[in-house]
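Taking it in order: structure first as structure tokens, then the write-up.
The values are calculated or read from the model by the stated rules, or taken from the named source; none is laboratory data. Predicted model only: the values in this text are computed from it and were never measured. Cβ atoms come from the backbone with ideal geometry, glycine included; neighbour counts cover every protein chain shown.
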Amino acid sequence: MQTSNREFGDRTPTVPAEFSRNESGQQGRARMGWTVKKTIVLVGMMGAGKTAVGKALAARFDVPFLDSDTEIQDAANMTIAEIFERDGEAFFRVKESEVLERLLDDQTKGVLSTGGGAFLAEANRRMISAKGVSVCLQADLELLWNRVKHKTTRPLLRTANPRATLAELYDQRADIYALADLSVEAHQDYSIEDMTDRVIAALTARPDVLERT
């Protein structure tokens, strides 16, 4: 299933001049400094690139990078799959919300990558928008499947037909991800740096979040 404008809205940001390709054909990178005034929270489906793009964003802005799943695993000394198996998804979602609140209350602003289901809870969405900004990384189903089909760390995909399960999750979550403050569309030809540029371009529309220095 392809991502449609009806589902997400046509909100692909225009990449500004400082990111345009140079004469050698390489993607230019911003050279100005930035002040991150609110935590940037990356949301979206598993396989959308939240961790990879989040790390690149944090490096570009020289701010901390945090991953809510990693924080949960470190606190529990268990993998996400083990938590799901032992305690169930409902228990995990409660802990996920607690971790999100703690990370968003931190006075140090940075980039936060969330698990695919974190944005589904209305309370989490309100908390993220109140204390930070949500940026949805959109990707079509085929791209997501190509990225996750060989991974064994996705508890929700431990089914008889993981691709069908992913498609079902995709359909169920599309309208909720559309509620993100900002959206950036991924493409199979985009590098991590390309996606990072596009996220920065989207964030420049939010001076309350990102400011040039």
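In segment 28-78, what residues are in a loop (DSSP other than H, G, I, E, B), modelled with pLDDT of 95 or more and hydrophobic (A, V, I, L, M, F, W, C)?
Listed by number, the list holds a single entry, Val63.
Does segment 173-206 hold any residues that are of a type in the set (Asp, Glu) and either in a loop (DSSP other than H, G, I, E, B) or under 30 Å from Asp87 (Cβ atoms) (or both), and which are they?
Asp175, Asp181, Asp189
If you check Tyr170 against the conditions, is it out of contact with any strand residue (DSSP E or B) (no Cβ under 9 Å at 6 or more places or on another chain), of a type in the set (Phe, Trp, Tyr), closer than 20 Å to Leu144 by Cα and assigned to a loop (DSSP other than H, G, I, E, B)? I'd like the intermediate steps shown before the answer.
Numbers: out of contact with any strand residue (DSSP E or B) (no Cβ under 9 Å at 6 or more places or on another chain): yes; of a type in the set (Phe, Trp, Tyr): yes; closer than 20 Å to Leu144 by Cα: yes; assigned to a loop (DSSP other than H, G, I, E, B): no.
Spelling it out, it is not the case that Tyr170 is out of contact with any strand residue (DSSP E or B) (no Cβ under 9 Å at 6 or more places or on another chain), of a type in the set (Phe, Trp, Tyr), closer than 20 Å to Leu144 by Cα and assigned to a loop (DSSP other than H, G, I, E, B).
Go through the residues of segment 153-164 one by one and say whether even a single one is among the basic types (Lys, Arg), over 17 Å from the mean Cα position of the chain (by Cα), more than 16 Å from Ala58 (Cα to Cα) and part of a helix (DSSP H, G or I). Break it down into steps so the answer makes sense when it comes.
Of the residues in segment 153-164, the ones among the basic types (Lys, Arg) are 154, 158, 163.
Checking which are over 17 Å from the mean Cα position of the chain (by Cα) leaves us with 158, 163.
Among the residues that remain, those that are also more than 16 Å from Ala58 (Cα to Cα) are: 158, 163.
Within this subset, residues satisfying the condition of being part of a helix (DSSP H, G or I) are 163.
The answer is yes; a qualifying residue exists.
List every residue pair whose Cβ atoms sit under 7 Å apart, with the two residues 6 or more apart in sequence or on different chains, where the first one lies in segment 91-109 and is of a type in the set (Ser, Thr, Tyr) and the second, anywhere, is assigned to a helix (DSSP H, G or I).
Ser97/Ala123; Ser97/Asn124
Among the numbered criteria (1) crowded, with 22+ Cβ neighbours inside 10 Å; (2) touching a strand residue (DSSP E or B) at 6+ places or on another chain (Cβ under 9 Å), which one does Thr196 miss?
(2)
Applying the selection to segment 87-116, what residues are surrounded by 14 or more Cβ atoms within 10 Å (Cβ to Cβ), polar (S, T, N, Q) and not in a helix (DSSP H, G or I)?
Residues satisfying the conditions are Ser113, Thr114.
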